[in-house]
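Remarks on the structure that follows.
Just so it is clear, none of the values below were taken in a lab; they were calculated from the coordinates. Fair warning: this is a prediction, and the values are worked out from it, not measured in the lab. Counting neighbours? That spans all protein chains shown, and the Cβs are built from the backbone with ideal geometry, glycine included.
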Amino acid sequence: MDFFHAFAQGNAVLIAVFVLLIAMSFVSWYIIFWKGMLLRRERLAYKKFYVEHVKIQNWPVRENLKTVDGAVNFLIAEVKNLEKVLPQYSGHEAKKEILTMHLLQVLDETRSWLDKGLTILASVGSSAPFIGLFGTVWGIYNSLQNISAQGNAGLATVAGPMGEALVATAIGLFAAIPAVLAYNTFVRLNRLLVQDLRHVAEQLTVYLSNDAK
């Protein structure tokens, strides 16, 4: 079975299917490596921040933001902005409500930022098998047409074209399986990171609302 037989035969549909699936696989693997490195960096940054600040309640709110890395920097940046407007509000509960509202908004924006690329992985995981299956069906259909035209249904005549058609399904699965596994993994890791950031936001809210009394 020659993998490049479809290209040699000039079957436009199969060529398009193969090119599309290979492109989808390339894009999904690029996102997998990019998201993997991003989340690893974010996790290390959060652990560093937790040890240096959260665990010992040493909040770097008034320090240079360069001392804070990762997504938690978004929270600290918002807190620094809020410190300028909090004195305009009177009452502990009012200040706490303002802090909570703004920090939750930052968490939502952070979650959206962390979710970048996941839609593509989900699309590849759900559509690639069907695109591959379409290529297989089309290849089998063309093979049967050729067999009918030649009037020869021997094993040698059937096996080659049928096998080449099935390659489309294999490529579709090759593109889809890593994308699905990576999507599920990244969704879980994003959820855990956002939970950790929410914990930081809650502690910052308590700290600043008490500090601003």
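Can you sort 183, 50 by how many other beta carbons sit within 10 Å, fewest first?
Sorted ascending by nearby Cβ count, the order is 50, 183.
Convert each backbone phi in region 14-20 into a coupling constant with the Karplus relation 6.51 cos²θ - 1.76 cosθ + 1.60 (shift: θ = phi - 60°), then list the ³J(HN,Hα) values in order as whole Hz, x for Gly and Pro.
Working through the residues one at a time gives 5, 4, 4, 5, 4, 5, 4 Hz.
Whole-Hz ³J(HN,Hα) for each residue in region 185-196, computed from phi via Karplus 6.51 cos²θ - 1.76 cosθ + 1.60 with θ = phi - 60°, x for glycine and proline: what do you get?
Values per residue, Gly and Pro as x: 5, 5, 4, 5, 5, 4, 4, 5, 5, 5, 4, 5 Hz.
Short version: ³J(HN,Hα) in whole Hz for each residue of region 120-127, in order, from phi by Karplus 6.51 cos²θ - 1.76 cosθ + 1.60 (θ = phi - 60°), x for Gly and Pro, what are they?
5, 4, 5, 5, 5, x, 8, 9
Calculate the spin-label point distance for residue 52 paired with residue 93, positioning each point 7 Å from the Cα along the beta-carbon direction, and give it in nanometres.
That separation, rounded to one decimal, is 3.8 nm.
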